[in-house]
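Engineer: Structure below; questions to follow.
Please treat every number below as a calculation from the coordinates, not as lab data. Source: prediction; values computed, not measured. In this analysis, Cβ positions are derived from the backbone assuming ideal geometry, glycine residues included, and neighbour counts consider all displayed protein chains.
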Amino acid sequence: MHLVMFDIDGTLTQSCGVDSRCYVDALLEVLGIESIDTDWSTYRHTTDSGIAEEIITKQLGRPAREEELAAVKTSFVQRLQLALDNDPAECQANAGAQEILEWINNQPRFCFAVATGGWSESARIKLANAGLKVADNIFASSDDAVSREGIMRIAEERAHSAYNVNKFDSITYVGDAVWDLKASQACNYSFIGVGVGNAAGQLRYAGVDALIPSFTVGDGFCELIEQKLLS
């Protein structure tokens, strides 16, 4: 059996803009922090919990408190839900995402899981808004671990249990950013990049050769999966 693991923001969904805006506004509302570097690649852990902890430590000169992180998360989730209620188009499924998940489900050799750097509640809101369904037992988020590698390992373990597989013959992570690639390398997973324009350019510069613009038929995802997982 072969496991295909997906990121959410920028991969299964197009939601990075609304996500970043609500996140920054939540930090301002809860902690009064205004100057925030939104180049998420500069943070040690590019996850909702990891970024919040690092910003609080640097800006306030002390470790983050659990109640602060909880308050930021609550504000972020509320802002995200309101933003999507007002404009659902701010978070849509990437082209062909639903079809590719269904395709994997129908392949007897393949399993899939989701490992996101976002918090669970906000990730679920985005998936629901985009019309994508992912079971809890193959899903891991920033509520489970601070690092992307930790989240991915937890998603892998949940997939072992969900599919009753002791060991996957291969694992491929599908993501849209260089930090996804680095986490995949740390976990010894294969990697497929999703992106166009600048995002695709950054992945190519980082050495990604397996790169698709979307999951639509003809963009090559199914062929790449066959090559990556079955080679």
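Engineer: Relative contact order (percent) for the chain, with alpha-carbon contacts under 8 angstrom and 6 or more residues of separation?
Structural biologist: Values: 381 pairs, mean separation 58.4, N = 231.
It comes to 25 percent, rounded to a whole number.
Engineer: Of Phe76, Ala95, Leu211, whose Cα points farthest to the positive end of the dipole of the chain (charges on the beta-carbon: +1 Lys, Arg; -1 Asp, Glu; origin at the Cα centre)?
Structural biologist: Leu211
Engineer: Follow-up question, since we're still on this one. Taking other Cβ within 10 Å of each residue's Cβ, how do Thr42, Thr172 sort, fewest first?
Structural biologist: Details: Thr42 10, Thr172 23.
Lowest count first: Thr42, Thr172.
Engineer: Treating each Cα of segment 153-231 as an identical point scatterer and ignoring solvent, apply the Debye formula and state log10 I(q)/I(0) at q = 0.16, 0.18, 0.20, 0.27 Å⁻¹.
Structural biologist: Reported log10 I(q)/I(0), two decimals: -0.63, -0.77, -0.92, -1.28.
Engineer: For segment 16-88, with only Lys/Arg (+1) and Asp/Glu (-1) charged at the beta-carbon, what is the dipole magnitude about the Cα centre, in debye rounded to 20? Walk me through the intermediate numbers first.
Structural biologist: Details: 7 positive and 14 negative charges, 38 e Å.
Value, rounded to 20: 180 debye.
Engineer: Here is a follow-up. Once you keep just the Cα pairs under 8 angstrom separated by 6 or more residues, what percentage relative contact order results for segment 16-88? Could the numbers behind the result be given before it?
Structural biologist: Details: 49 pairs, mean separation 27.0, N = 73.
Relative contact order of segment 16-88: 37 percent.
Engineer: If neighbour count is taken as other Cβ atoms inside 10 Å, put Ile154, Ile192 in order from fewest to most. Show your work: numbers first, answer last.
Structural biologist: Details: Ile154 18, Ile192 27.
Listed from fewest to most nearby Cβ atoms, that is Ile154, Ile192.
Engineer: Among Cys187, Tyr173, Gln202, flag the residue with its Cα farthest along the positive direction of the charge dipole of the chain, charges on Cβ as +1 for Lys/Arg and -1 for Asp/Glu.
Structural biologist: It is Cys187, whose Cα lies furthest towards the positive end.
Engineer: Given 0.36 nm per residue, what is the gain on full extension from Ala70 to Glu121 after removing their alpha carbon distance, in nm?
Structural biologist: Working: separation 51, 0.36 × 51 = 18.36 nm, distance 1.19 nm.
Difference between extended and current length: 17.2 nm.
Engineer: Give me the base-10 log of I(q)/I(0) for segment 16-88 at each q in 0.12, 0.14 Å⁻¹, Debye formula, one uniform scatterer per Cα, rounded to two decimals.
Structural biologist: Taken in order of the listed q values, log10 I(q)/I(0) reads -0.30, -0.40.
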